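Participant: One structure is given below, represented as structure tokens, and several questions about it will come after.
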Amino acid sequence: MHLAFWNQRCPVRRKEFCQRAETTRAACHSLARTLGLLRLLAKNQSWALRVQPVAERNQIPSAFLRYRPIVDDWEAFVEALRRPLPVCVWTNTLRTTPAQVKAALEAEGLQPEPLAWRRDAFRLPPDSQPGNRLAYVLGHYHVQEEVSLLPVPLLDPQPGERILDLCAAPGGKTAQIAVQMQNRGTIVANDRNPLRLRQLSGTIERLGLLNVTTTLHDGADFPLNSGPFDRVLVDVPCSCEGNFRKDQKVADAFAGAPELCGQQTALLHRAVMLCRPGGRIVYATCTFAPEENELVVDTVLRRWGTALRLLPARIEGFRGSPGLTEWNGRRLHPSLERTLRVWPHLNDTGGFFVAVLERQA
Ligand SMILES: C[S@@+](CC[C@H](N)C(=O)[O-])C[C@H]1O[C@@H](n2cnc3c(N)ncnc32)[C@H](O)[C@@H]1O
């Protein structure tokens, strides 16, 4: 193209033209490099604006400083937040055994450590990428954060029951429920995000789960005539502060925003309405924010009075803190100490909150 241009239109000699073209190319490269550097700088700067000022002061985002009075060991908490998060996988016992999953991972050069509190699940180093292995594709295990394994044993679904997973996508907990139910009974896995529901369908298929049906609906307005259910899981959308070890951007989110808390309260309230008397409801978030945790449960407890009570949310072999019964001078329902708060340093995990409720017969 340069040559054609030189032949037809340019008055300068060929050598001179090539020299000019070379100079232009060099200038373009230099400009591209500068633009690349500027882009990198801008990226780093926005990161710096977001994290560095606080990192210099306290090594953690300023948004977390308000938790200082409620964390048992602040130094350990800060130190845990600085470490990358280990990866966790759990065995699909419908297809294989924990021993075979362990062997498959070891054959890949990994060193799976069984969890102290759950022997069919394994901890792996942060960069192991277990989702890229053949045994994963074959549906022998699922990759999920360790704290995300807490709600299902607390929900305790039984084979043959009707279960509602109100905010189910991308489906890790739905899958755990189905495996625990031995593919028997019915699970309605609902979410209001169609793209995430598609991911859930992929997970169900890969793991060979047969007792799950999906619905696309606003959970806060889920049809009451679809119930009652024996158990309802409400794993609500939240500010995700507990995911900080995986994604530092979560500290930008406005934890405890009234609109978000209103949505969480509406979802939990609907879950209680959809549960049969004598049935169980598990409410979960992956945030530290009391406004999205204890305060939501407190509101719903007070609304339902004696028709609803909290059961102890404790898991043997897993360390947790009791829920708060007071926050910012506001006294909460005393039974909230039965809820479970998980701080990252307690078990080297992400952060989490679980409440187990029983609808009274
Ligand atoms: C924390 S995630 C759920 C994770 C899921 N339980 C799992 O274990 O894979 C919260 C989910 O709630 C969904 N969601 C948000 N608002 C909702 C609503 N009003 N009704 C139903 N689902 C909602 C989001 O699309 C998101 O998939």
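Rule-based calculations on the coordinates, nothing more; no lab input. What you see is a predicted model, and the numbers here were worked out from it, not measured in a lab. Methodologically, a virtual Cβ is constructed for each residue, glycine included, from the backbone with ideal geometry; neighbour enumeration extends over all protein chains shown.
Participant: What ranking do 272-280, 235-243 get when scored by the average of other Cβ atoms within 10 Å per residue, highest first?
Facilitator: Highest-to-lowest ranking by the protection proxy: 235-243, 272-280.
Participant: 7 Å from Cα along Cα→Cβ at both Ser201 and Leu224: what's the point-to-point distance in nm?
Facilitator: About 3.1 nm, to one decimal.
Participant: Also, quick follow-up: How far is the Cα center of segment 285-310 from the Cα center of segment 181-209, in Å?
Facilitator: Centre-to-centre (Cα) distance: 27 Å.
Participant: Give me the number: length gained by fully extending Arg276 to Ala107, i.e. 0.36 nm times residue separation minus the C-alpha to C-alpha distance, one decimal in nm.
Facilitator: Working it through step by step, the gained length comes to 56.2 nm.
Participant: Give me Asp127, Asp73, Asp165 sorted ascending by neighbouring Cβ count inside 10 Å, so fewest comes first.
Facilitator: Asp127, Asp73, Asp165
Participant: Using 0.36 nm per residue, how much length does the chain from Asp156 to Glu75 gain when fully extended, once their Cα-Cα distance is taken away?
Facilitator: That pair, Asp156 and Glu75, stretches by 25.7 nm at full extension.
Participant: How would you rank Lys249, Lys102, going from fewest to most other Cβ atoms within 10 Å of each one's own Cβ?
Facilitator: Fewest to most other Cβ atoms nearby, the residues stand as Lys249, Lys102.
Participant: Glu161: net charge of surrounding residues, Cβ under 11 Å, Lys/Arg +1, Asp/Glu -1, itself excluded?
Facilitator: With Lys, Arg at +1 and Asp, Glu at -1, the neighbours total +3.
Participant: Another question about this same structure. List the pair-distance distribution P(r) of segment 86-144, using every Cα-Cα distance, as the percent of pairs falling in each 5 Å bin from 0 up to the bin containing the longest distance, rounded to whole percents.
Facilitator: Final binned percentages: 4, 22, 38, 27, 8, 1.
Participant: I need the peptides 144-154, 254-264, 286-296 ranked by packing, meaning the mean over residues of other C-beta atoms within 10 angstrom, with the highest value on top.
Facilitator: Those peptides, ordered most packed to least, come out 286-296, 144-154, 254-264.
Participant: Let me ask another. Sticking with the crude label model, points 7 Å out along Cα→Cβ, report the distance from Thr97 to Ser321 in nm, one decimal please.
Facilitator: So the label points at Thr97 and Ser321 sit 4.1 nm apart.
Participant: If each of Arg303 and Asp127 carries a label point 7 Å out from its Cα toward its Cβ, how far apart are those two points in nm?
Facilitator: That separation, rounded to one decimal, is 4.7 nm.
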